[in-house]
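Input: a single structure, listed below in structure tokens.
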Ligand SMILES: [Ca+2]
Ligand SMILES: [Ca+2]
């Protein structure tokens, strides 16, 4: 059995034992947290915005992009639980000052939802990268892109690369 098959099978067994439905592909690979239609990974190391972007893309995702108050609340709760002071948003105005662009499933797009703190973004000393702030109740600020900060990756659960297995009556898993 190939290593990847073995991993998938192992994942499928874990899903069965924790009560999730096998056969539904809208699930997240191990190490990613499912919420809504997305999967999130909270990186253990801090990194610059560019390195965070690359890190997430290498994992098949993108830097966190928040599109709703509900998602903002979820992430704010996680920042509190994990004691992260702030984390990168996959949004910046580095290419054109004042025009905030965010990662999207296909490339980048104009920022759709926003939740800026009072008087932000203000481009103080040329700040071009967005963060969500735990101590501002999840409001956003623009900050310097080259400082090391907490990184959260996001990808759609629908494009999960994980295979689905079904538990048959003979007690074996089938793809
Ligand atoms: Ca999102
Ligand atoms: Ca700026």
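A short reminder: the numbers here are calculations on the coordinates, not readings from a lab. In this text the structure is predicted, and so the values were computed from the model without any measurement. As a convention, Cβ positions derive from the backbone with ideal geometry for all residues, glycine included, and neighbour counts pool all protein chains shown.
Return the FRET efficiency for the residue pair residue 168, residue 54: r is the Cβ-Cβ distance, R0 is 35 Å, and the value is rounded to the nearest 0.05.
On the way: r = 42 Å, r/R0 = 1.19.
Using R0 = 35 Å, I get an efficiency of 0.25.
Set the Förster distance to 22 Å, then compute FRET efficiency between residue 125 and residue 99 from the Cβ-Cβ distance, nearest 0.05. Intermediate values should be presented prior to the final figure.
On the way: r = 19 Å, r/R0 = 0.85.
Efficiency, rounded to the nearest 0.05: 0.70.
Using only the alpha carbons of the stretch 40-168, determine the length spanned along each of the three principal axes and report them from longest to shortest in whole angstroms.
For the stretch 40-168, the Cα extents along the three principal axes come out at 60, 30, 26 Å.
Compute the convex hull volume of the Cα atoms of the stretch 56-114, divide it by the residue count, and report the result per residue in Å³ as a whole number.
Working: hull volume 6.2 nm³, N = 59.
Once divided by residue count, the hull of the stretch 56-114 is 105 Å³.
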